[in-house]
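*Asks:* Sharing a structure here in structure tokens format.
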């Protein structure tokens, strides 16, 4: 597998070449489906704009144009990714099919409202995240999510004394045929699975210690870095299976699909208890941590 760093924009000729290469592997019957797919993975306002741009073009040209638009958008977004995150771009058709085949029967280890996480069937330390289509609510694009996850991970490393972890990013694919992120697979259980009695709470867990640390981490994110998770709930908090491993994170914060910078927080709609609500409280992350703590403590005491 080639893992390369992204530097600068991809020349227009390269984008056209990549789109044309992909077209040669599509039958006429598949072209319409591909147009629908390329439109389905962007937010509604942008989708309307792109639909207007291609409506009078021949079908094959529509695919080429959408491919180029996806690539341009990702080139702009990718600049926000941490420099140490490797990026895959312009993969061959054969390589894309190899990866698709590899994950086709992979075990699903997590699913949210907008995405699913699959375990690598060969490397037990790697998991892949794919967005479900169409996105729900104000879901980040996968590349925006990857950027936030990279930032959160670096901040967690800088505050190792809290022993709060964020999954490490391994690489990210910006190829429109296979947009995904590969990340560290955690040896942990979610609070959601504990509450649903699908997993036992790890031996030696001190709930207050863990959630005090998570609260401090969230405070650091919010107040010093101006970053907000906005989706802290039982499914997005995980507890390491071994609470005795020295120096290892004991609790994890996952899924940055709703995360925003402080300048965007007031326009964010987030999901709480099954309903989408307008979130205007900039300290809502801290309140959400306390809510998850309370639910877990009540469960343990029952």
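The values are calculated or read from the model by the stated rules, or taken from the named source; none is laboratory data. This structure is a prediction, so every number in the text was calculated from the model and none was measured. Ideal geometry is used to build each Cβ from the backbone, glycine not excepted, and the neighbour counts take in all protein chains shown.
*Asks:* Evaluate the following for residue 106: is it in a loop (DSSP other than H, G, I, E, B), at pLDDT 80 or above and within 25 Å of the chain's Cα centre (by Cα)? Explain how you work it out, then say what you get.
*Replies:* Details: in a loop (DSSP other than H, G, I, E, B): yes; at pLDDT 80 or above: yes; within 25 Å of the chain's Cα centre (by Cα): yes.
It is true that residue 106 is in a loop (DSSP other than H, G, I, E, B), at pLDDT 80 or above and within 25 Å of the chain's Cα centre (by Cα).
*Asks:* On to the next question. Could you please give the count of residues in segment 233-258 that are more than 14 Å from residue 165 (Cα to Cα) and either in contact (Cβ under 8 Å) with a residue 60 or more places away in the chain or assigned to a helix (DSSP H, G or I) (or both)? Quick ask: steps written out before the conclusion?
*Replies:* Applying the first criterion (more than 14 Å from residue 165 (Cα to Cα)) to segment 233-258 yields 233-235, 244, 257-258.
Now drop any that are not either in contact (Cβ under 8 Å) with a residue 60 or more places away in the chain or assigned to a helix (DSSP H, G or I) (or both), which leaves 234-235, 257-258.
Result for segment 233-258: 4.
*Asks:* Do we have any residue at all in segment 207-215 that's closer than 15 Å to residue 160 by Cα, surrounded by 14 or more Cβ atoms within 10 Å (Cβ to Cβ), under 18 Å from the mean Cα position of the chain (by Cα) and modelled with pLDDT of 95 or more?
*Replies:* no
*Asks:* Quick check on segment 177-197: of everything there that is surrounded by fewer than 21 Cβ atoms within 10 Å (Cβ to Cβ) and in contact with a helix residue (DSSP H, G or I) (Cβ under 8 Å, 6 or more places away or on another chain), which residue is farthest from residue 241 (Cα to Cα)?
*Replies:* It comes out as 177.
*Asks:* Quick one: which of 203, 216, 154 is within 15 Å of residue 253 (Cβ to Cβ) and free of Cβ contacts under 8 Å to residues at least 60 places away in the same chain? Spell out the reasoning first.
*Replies:* Values: 203 fails: within 15 Å of residue 253 (Cβ to Cβ); 154 fails: free of Cβ contacts under 8 Å to residues at least 60 places away in the same chain.
Sole residue among the options that is within 15 Å of residue 253 (Cβ to Cβ) and free of Cβ contacts under 8 Å to residues at least 60 places away in the same chain: 216.
*Asks:* Then there's this: Taking the conditions exactly as written (modelled with pLDDT under 85, outside any loop (DSSP other than H, G, I, E, B), touching a helix residue (DSSP H, G or I) at 6+ places or on another chain (Cβ under 9 Å) and surrounded by 14 or more Cβ atoms within 10 Å (Cβ to Cβ)), does residue 143 satisfy them or not? Give the derivation first.
*Replies:* Numbers: modelled with pLDDT under 85: yes; outside any loop (DSSP other than H, G, I, E, B): yes; touching a helix residue (DSSP H, G or I) at 6+ places or on another chain (Cβ under 9 Å): yes; surrounded by 14 or more Cβ atoms within 10 Å (Cβ to Cβ): yes.
So residue 143 fits the description; yes.
*Asks:* In segment 228-238, is there at least one residue being more than 17 Å from residue 287 (Cβ to Cβ) and surrounded by 23 or more Cβ atoms within 10 Å (Cβ to Cβ)?
*Replies:* Yes: segment 228-238 contains one or more residues that are more than 17 Å from residue 287 (Cβ to Cβ) and surrounded by 23 or more Cβ atoms within 10 Å (Cβ to Cβ).
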